[in-house]
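I have placed the structure first, in the form of structure tokens, so that the comments after it can refer back to it.
Every number here is computed from the coordinates shown, using simple stated rules; none is lab data. Not measured: the values here are computed from a predicted model. Counting neighbours? That spans all protein chains shown, and the Cβs are built from the backbone with ideal geometry, glycine included.
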Amino acid sequence: MTSKLIEAKNITVRYGNNVVLTDISFAIEKGDYIGLVGANGSGKSTLVKALLGLVPLEKGKIIYNDLNKFEHGIGYLPQVAVTGNTLFPAEVREIVGIGLLGQKKFPKRLTKEDHFKVDTILTRLGIIGLKHKKIGDLSGGQQQRVLLARAMVSHPKLLILDEPTSALDPRVRSDFFNLIEEINKVDQTSIVLVSHDLSSIKRYTRKMMLLDRELVYFGPSDEFDLNFGMAKGMHNHEHDY
Amino acid sequence: MSMIIDTITEALSYGFMQRAIIVGVLIGLSSAMLGIFLVLKKYSMIGDGLAHVSFATVAIALFLNTSPLLISIPIVIVASILIMELNEKAGIHGDAAIGLVSSFSVALGVLLSSISGGFNVDLFGYLFGSILSIQQSDLWLSVVLAAGVIFTVIFFYNDLFAITHDEAFSSVIGIPTKRRNYLIATLTSVTIVLGIRVVGTMLISSMIIFPTVAALQVSKSFKSTIVISSVISVFSVIVGVLGSYAYNLPSGASIVMINAVVFVSMMGYKRLVRS
Ligand SMILES: Nc1ncnc2c1ncn2[C@@H]1O[C@H](COP(=O)(O)OP(=O)(O)OP(=O)(O)O)[C@@H](O)[C@H]1O
Ligand SMILES: [Mg+2]
């Protein structure tokens with residue numbers, strides 16, 4: 001039996017008069033590796049935020065099965081790297097430690113073991129050398145990897161990554177895809193990966209989801225037709241301009 | 001040297017000076033500890049905005065014939081929460097939200113005071129602070145405030161750190177971001193209302209901004225920023241108040257000047273280290 005981690009039931013989301021998601025239903029199962037694609041403005045980030053409870057739903061509901069959102073069943077990498085502020089006074093280890101707070105009770109102190117977890121994930125992502133660096137002093141790609149470490153450090157059951165590779169150079173990018181594949185296979189972590197790079201993520205994922213403000217396709221990757229994606233999803237929305 | 005000690009001993013023999021130093025240090029500590037959360041979230045000018053709201057509350061108190069402090073604290077708290085809500089709900093940026101609330105308040109204050117026949121409070125003291133006006137009740141309130149701030153920063157440290165860095169992520173991992181923001185807003189409001197006694201409405205925002213921005217020049221981690229800014233702030237208050245006594249200068253402006261000197265030295269130090 002496959003177990004559903006999280007289910008979206010007929011969700012509709014709007015910003016003011018702009019209906020961004022219409023009547024979307026699907027379930028993410030244990031072990032899934034889903035590539036979420038669609039044109040700019042097709043609602044990918046909004047769907048992710050809806051799953052995380054960051055935007056109010058106009059209609060429908062999100063059901064968290066076998067996944068306690070608050071004790072941190074979900075790891076999240078936001079689309080935009082946050083720190084444009086180079087003065088932000090925090091070292092990489094402090095930022096990654098934030099990812100462990102979801103499992104903590106008041107007063108939420110990090111233990112030796114937690115610091116070890118931080119070191120482990122930094123090593124796994126190849127950025128242990130940055131541990132004591134100030135976050136604002138890092139390049140965009142380095143910051144993105146730090147935030148990825150923050151999302152992964154708690155070993156979530158579901159990892160949602162919103163365009164994680166946009167700031168990575170090609171070599172790091174393929175390392176990254178290999179790592180995600182390993183996390184998915186070895187750790188049994190379910191993955192949702194948002195990307196524009198349709199053809200390359202199709203090689204890695206098990207399922208594809210194509211969004212065009214409504215759900216155009218959700219199913220096995222090998223049945224996902226690239227042309228179908230191009231025709232249906234990858235045009236731009238006129239009303240966005 | 002002995003002359004300095006004599007002056008200090010003399011200064012501290014006065015009740016009003018003792019109160020000024022104690023209240024000043026407690027306010028300085030509170031504003032410095034809150035500063036980092038406000039400055040990094042681009043709410044630097046909230047001190048200025050809330051001081052303007054507090055101006056309106058004095059007019060309201062006059063209008064209703066009650067004590068300003070009683071009216072000020074709750075209204076300023078509401079205003080601070082309104083600023084945060086405007087930012088979140090209406091998507092109005094922090095600086096614009098502060099501008100809206102503060103200019104509205106000043107207009108309201110001016111209208112009300114004109115209806116009730118003009119201000120008869122010590123305007124200069126209100127604008128630039130007057131340590132002579134500090135009362136025993138201010139002292140007790142400052143003790144409670146500082147205790148509240150220290151407790152909050154120590155026990156909610158990790159939550160506040162996470163929210164300051166990335167609010168969306170914090171709410172995903174179950175941190176009650178809204179409640180924590182309200183807590184900071186409330187403590188900031190009380191700090192502003194009490195701090196106006198010491199440095200006045202025109203200068204209060206500097207108590208929040210200067211120590212933090214000075215500390216940011218030299219610190220690498222979040223914790224050290226809080227510690228350094230607290231030390232700078234307390235130092236500036238003590239030197240400022242005693243200096244103002246010795247040279248017969250306005251104390252609020254003296255505190256801000258010391259803060260400014262420290263800030264410039266930190267900037268210089270940073271340059272020196274970098275090169
Ligand atoms: N906070 C917001 N307020 C108002 N409208 C928004 C907001 N966030 C997104 N939108 C609108 O919702 C639509 C979908 O945006 P979303 O960010 O979900 O798209 P996306 O598929 O992630 O695009 P991209 O590929 O550029 O990241 C867009 O038209 C956008 O303008
Ligand atoms: Mg997006």
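Between segment B:184-216 and segment A:29-56, what is the C-alpha centre distance in whole Å?
Comparing the Cα centres of segment B:184-216 and segment A:29-56, I get a distance of 42 Å.
Once the Cα gyration tensor of the protein assembly as shown is found, what semi-axes does its equivalent ellipsoid get, as square roots of 5 times the eigenvalues, in whole Å, sorted largest first? Before the final figure, lay out the partial values.
Working: eigenvalues 511, 141, 66 Å².
Equivalent ellipsoid of the protein assembly as shown: 51, 27, 18 Å, largest first.
Nearest 0.05, what FRET efficiency do A:Asp187 and B:Asp95 give at R0 = 45 Å with Cβ-Cβ as r?
Numbers: r = 44 Å, r/R0 = 0.97.
After rounding, the FRET efficiency stands at 0.55.
Can you give the FRET efficiency to the nearest 0.05 for A:His132 and B:Tyr182, using r as the Cβ-Cβ distance and R₀ = 35 Å?
Given R0 = 35 Å and the Cβ-Cβ separation, E is 0.55.
How would A:Tyr76, B:Tyr182, B:Tyr14 line up from fewest to most surrounding beta-carbon atoms within 10 angstrom?
Fewest-to-most ranking of A:Tyr76, B:Tyr182, B:Tyr14: B:Tyr14, B:Tyr182, A:Tyr76.
So how far apart, in nm, are the two label points at A:Tyr15 and B:Ile8 if each is 7 Å from Cα heading toward Cβ?
Those two pseudo-labels are separated by 5.7 nm.
Just checking the output field for B:161-168: average partner chain Cβ neighbours within 10 Å of each residue's Cβ? Spell out each step's value before the answer.
Values: counts 7, 9, 1, 3, 10, 9, 2, 7.
Mean partner-chain Cβ count within 10 Å for B:161-168: 6.
Per residue of A:106-112, how many C-beta atoms from partner chains lie within 10 Å of its own C-beta, taken as a mean?
Details: counts 4, 6, 8, 3, 1, 0, 0.
What the average comes to for A:106-112 is 3.
Just grab the label-to-label distance for A:Gln103 and B:Asn248, each label 7 Å out from Cα along the Cβ direction, in nm (one decimal).
Here the modelled spin labels are 6.7 nm apart.
Averaged across orientations, what area in nm² does the convex hull of the alpha carbons in segment B:23-200 project? Intermediate results must be reported in sequence, preceding the final value.
Working: hull surface 39.5 nm².
If you wrap the Cα atoms of segment B:23-200 in a convex hull and average its projections, you get 9.9 nm².
Only four residue types carry charge here, +1 at the Cβ of Lys and Arg and -1 at the Cβ of Asp and Glu. Report the dipole size of the protein assembly as shown about the Cα centre in Debye, rounded to the nearest 20. Walk me through the numbers before you get to the answer.
Values: 45 positive and 39 negative charges, 167 e Å.
Dipole magnitude for the protein assembly as shown comes out near 800 debye.
With labels modelled as points extended 7 Å from the Cα through the Cβ direction, what inter-label distance (nm, one decimal) is found for A:Asn40 paired with A:Ser199?
Distance between label points: 2.1 nm.
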